[in-house]
Structure formats: C-alpha cells, structure tokens
Amino acid sequence: MVGPLRCVLTMAVPARPLGELPATYITCLLDGAEPNDDVAKRLSSEHWRLVEMDTGHWPMFSQPREPARILLRSGTDS
C-alpha cells in the first residue's frame, strides 16, 4: 500500500508498551472529565507526565500559547 492512506489503514505497533513510552497527558480542568482507568494507570509510571490546564476542551483556542509551551517542553524533556 502506498500513498497517504497507508498511515490511516496500517495499524501502528509501538516498539514498547505504551506505559513505557514517554508521554505528556494534558487534562482540561473545565472539561470535567477525569482520565480513564488506562490513562490513570499509565500516569503512575515515571514515563508519563500529567499537565493540568484551567481551560475547557479546546485549549488551542482559549489559551493557544500554553499548549504550544507544553508541546515544546515535552519534546525536550527526557
């Protein structure tokens, strides 16, 4: 399979379990939803980091600089 559809139709297989991959999970406090059980379990590992934002579900519109700062930081943290 070639072309842009390949990324949609081919399942990604991570080299390690998700809990072992570095990740930043952003939760929007005004959205009210708590992370589900799978995410909560992964957040207890040393590889996952929780960042809380005092915003609704679309922080890229209400506070665009903060998600950008978080993404930049997560890309440089190891």
Those residues of segment 58-76 that are within 14 Å of the chain's Cα centre (by Cα) and modelled with pLDDT under 90 come to a total of 2
Checked pairs for segment 24-35, first under 8 Å from Thr55 (Cβ atoms), second surrounded by fewer than 11 Cβ atoms within 10 Å (Cβ to Cβ) and not aromatic (Phe, Trp, Tyr), C-beta under 6 Å and 6 or more apart or across chains, list as Leu29/Glu52
Filtering segment 35-68 down to residues that are in contact with a Leu (Cβ under 7 Å, 6 or more places away or on another chain), open to solvent by less than 60 Å² (accessible area, probe 1.4 Å) and under 15 Å from Leu21 (Cβ atoms) yields Leu43
Thr27 fails exactly one of (1) of a type outside the set (Lys, Arg); (2) open to solvent by 100 Å² or more (accessible area, probe 1.4 Å); (3) not in a loop (DSSP other than H, G, I, E, B), namely (2)
- Query: Does any residue of segment 69-78 turn out to be touching a strand residue (DSSP E or B) at 6+ places or on another chain (Cβ under 8 Å), in a strand (DSSP E or B) and loosely packed, with under 11 Cβ neighbours inside 10 Å?
  - Reply: no
Gly32 vs (1) under 29 Å from Glu66 (Cα atoms); (2) more than 15 Å from the chain's Cα centre (by Cα); (3) open to solvent by 70 Å² or more (accessible area, probe 1.4 Å): all pass except (3)
Filtering segment 7-24 down to residues that are farther than 20 Å from Ile70 by Cα and open to solvent by 90 Å² or more (accessible area, probe 1.4 Å) yields Cys7, Val8, Leu9, Met11, Val13, Ala15, Arg16
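The values are calculated or read from the model by the stated rules, or taken from the named source; none is laboratory data. Since the model is a prediction, treat every value here as computed from it, not as a measurement. For neighbour counting, all protein chains shown are included, and Cβ atoms are generated from backbone atoms with ideal geometry for every residue, glycine included. Calculation scope for accessible area: heavy atoms of the full protein, side chains included, ligands and nucleic acids excluded. Shrake-Rupley method; radii C 1.70, N 1.55, O 1.52, S 1.80 Å.
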